[in-house]
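The values are calculated or read from the model by the stated rules, or taken from the named source; none is laboratory data. These figures come from a predicted structure and were not determined experimentally. Here the Cβ positions follow ideal geometry from the backbone for every residue, glycine too, while neighbour counts run over all protein chains shown. Note: accessible area is taken over every heavy atom of the protein model, side chains too, but ligands, DNA and RNA are not part of it. Shrake-Rupley method; radii C 1.70, N 1.55, O 1.52, S 1.80 Å.
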Amino acid sequence: TASGSAPQAGWTVAAGESFSFGTILYIEGFGYYEVQDRGVPDGWVDIYVNGHSEIPGYGMTTASVYIAG
């Protein structure tokens, strides 16, 4: 990851530069994640998974995202 952390499925997300590395986000319908990577525009998050079989619907979805800590 851009932060230097090893990515972990169910924990790591990529987010735009408006979020500092280490920011904990709550993604409605998915749970809590930590911003550890970049590569997506502001307003988007990309959840790290181990493989495509873990992606519901194999694509994008809309969800509310809150800063949790």
* E54: modelled with pLDDT under 90 and among the acidic types (D, E), yes or no? -> yes
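Taking the condition out of contact with any Phe, Trp or Tyr (no Cβ under 8 Å at 6 or more places or on another chain), within 17 Å of I67 (Cβ to Cβ) and either modelled with pLDDT under 95 or not aromatic (F, W, Y) (or both), does T23 pass? Lay out the reasoning, then the answer.
Details: out of contact with any Phe, Trp or Tyr (no Cβ under 8 Å at 6 or more places or on another chain): yes; within 17 Å of I67 (Cβ to Cβ): yes; either modelled with pLDDT under 95 or not aromatic (F, W, Y) (or both): yes.
Considered against the rule, which asks whether it is out of contact with any Phe, Trp or Tyr (no Cβ under 8 Å at 6 or more places or on another chain), within 17 Å of I67 (Cβ to Cβ) and either modelled with pLDDT under 95 or not aromatic (F, W, Y) (or both), T23 comes out as yes.
With the condition being in contact (Cβ under 8 Å) with a residue 40 or more places away in the chain and either open to solvent by 70 Å² or more (accessible area, probe 1.4 Å) or hydrophobic (A, V, I, L, M, F, W, C) (or both), I'd like the strands (runs of 3 or more DSSP E) fully within the chain carrying at least 1 qualifying residues. It would help to see each step written out before you state the result.
On the way: elements: 12-15, 24-27, 31-37, 45-47, 65-67.
Hits in the chain: 24-27, 65-67.
Which of the residues spanning the stretch 1-26 are among the hydrophobic types (A, V, I, L, M, F, W, C) and under 12 Å from the mean Cα position of the chain (by Cα)?
First pass over the stretch 1-26, keeping only residues among the hydrophobic types (A, V, I, L, M, F, W, C): 2, 6, 9, 11, 13-15, 19, 21, 24-25.
Correct list: A9, W11, V13, A14, A15, F19, F21, I24, L25.
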